[in-house]
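Peer 1: I'd like to ask you about the structure that follows.
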Amino acid sequence: MSIDDILLEAEEKMTKTEQVVIHEFAGVRTGKASPGLIEGLPVEAYGSTMRLRELAGITTPEPRMLIITPWDASTLHAIEKAIQKANLGMNPAIDKKVIRLVFPELSTERRQEFIKIVKKMAEDGRVAIRHVRRDAMEHLKNEDKAGSVSEDDEKHAEKELQKLTDEYIAKIEQHLAHKEKELMTV
């Protein structure tokens, strides 16, 4: 494996880690409604478990409301049950062929709890990026021991790897700062 391949693979893994953190952040409730909060909920329908986004369209007509429109009206009650089971702190209201979810205002204490949760998610992301760096460093050292890479090339690659690591950790910090600001905005 060449140095470029090792660095490219490390960057791909770091990008995936960043995407996972962004996706996890989307699932944390802010003061406004977001389809990301419920789209992954498991729903018992058609004799199996499906994700909510596979069974219905989710729209945000107002900042604190979601409208769930099932593609098949027979799944309406199954979706309602899944939302109740998820214990999101709100009751789904069936209105003809749609389900309305109204988000209550978040208290300051609840916002602080959510900030702790997103900080933990961000830390998990940073740890995952450091693991990618460690694995890539081991690959580089193994290539050096095998004699397929010069020591200078290895040192240069290690610097590049550290630069990548710093860049992705900074990106996670930016996402965290944005999410904290979003959470504290009333």
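What follows draws every value from the coordinates through simple rules; no lab data is involved. What you are looking at is a predicted structure, and each value in this text was computed from that prediction instead of being measured. Note that we place each Cβ from the backbone using ideal geometry, even for glycine, and neighbour counts take in every protein chain shown.
Peer 1: In whole angstrom, how far apart do the alpha carbon centroids of the stretch 11-89 and the stretch 135-186 sit?
Peer 2: The distance from the Cα centre of the stretch 11-89 to that of the stretch 135-186 comes to 32 Å.
Peer 1: Which label marks the calculated value of percent of Cα pairs over 29 Å apart, given the options (i) 35; (ii) 28; (iii) 43?
Peer 2: Computed from these coordinates, percent of Cα pairs over 29 Å apart corresponds to label (iii).
Peer 1: Going by how many other Cβ atoms sit within 10 Å of their own, how do Glu9, Glu80, Glu62 line up, fewest first?
Peer 2: Ordered by Cβ neighbours within 10 Å, fewest first: Glu62, Glu9, Glu80.
Peer 1: Continuing with the same structure: Cα axis of helix 3-26 to longest principal axis of the chain: angle in degrees, 0 to 90, nearest 10?
Peer 2: Result, in degrees: 20.
Peer 1: While we're on this one: What number comes out for the charge environment of Arg130, summing +1 per Lys or Arg and -1 per Asp or Glu over other residues with Cβ under 15 Å away?
Peer 2: -3
Peer 1: In the stretch 69-173, which chymotrypsin sites (Phe, Trp or Tyr not before Pro) fall in coil by DSSP and have 10 or fewer other Cβ atoms within 10 Å?
Peer 2: Trp71
Peer 1: I would also like to ask the following. Hey, what angle do you get for helix 76-85 against the long axis of the chain, alpha-carbon based, 0 to 90 degrees rounded to 10?
Peer 2: 60
Peer 1: I'd like the FRET efficiency for Asp153 and Glu12, computed as 1/(1 + (r/R0)^6) with the beta carbon distance as r and R0 of 35 Å, rounded to 0.05.
Peer 2: 0.95
Peer 1: How big is the charge dipole of the stretch 35-102 about its Cα centre, in debye rounded to the nearest 20, if each Lys and Arg gets +1 on its Cβ and each Asp and Glu gets -1 on its Cβ? Kindly include the intermediate steps, with their values, before the conclusion.
Peer 2: Numbers: 8 positive and 7 negative charges, 21 e Å.
Dipole about the Cα centre, nearest 20: 100 debye.
Peer 1: Which FRET efficiency value, to the nearest 0.05, do you get for Asp95 and Asp4 by plugging their Cβ-Cβ distance into 1/(1 + (r/R0)^6) with R0 = 41 Å?
Peer 2: My answer for the efficiency is 0.15.
Peer 1: Can you give the relative contact order of the stretch 108-186 as a percent, counting alpha carbon pairs under 8 Å and 6+ residues apart? Could you put the intermediate results ahead of the total?
Peer 2: Working: 33 pairs, mean separation 38.7, N = 79.
Relative contact order, the stretch 108-186: 49 percent.
Peer 1: Under the rule a/c < 1.5 gives rounded, and otherwise a/b versus b/c splits prolate from oblate, where does the stretch 56-117 land using the Cα gyration tensor?
Peer 2: Cα axes put the stretch 56-117 in the prolate bin.
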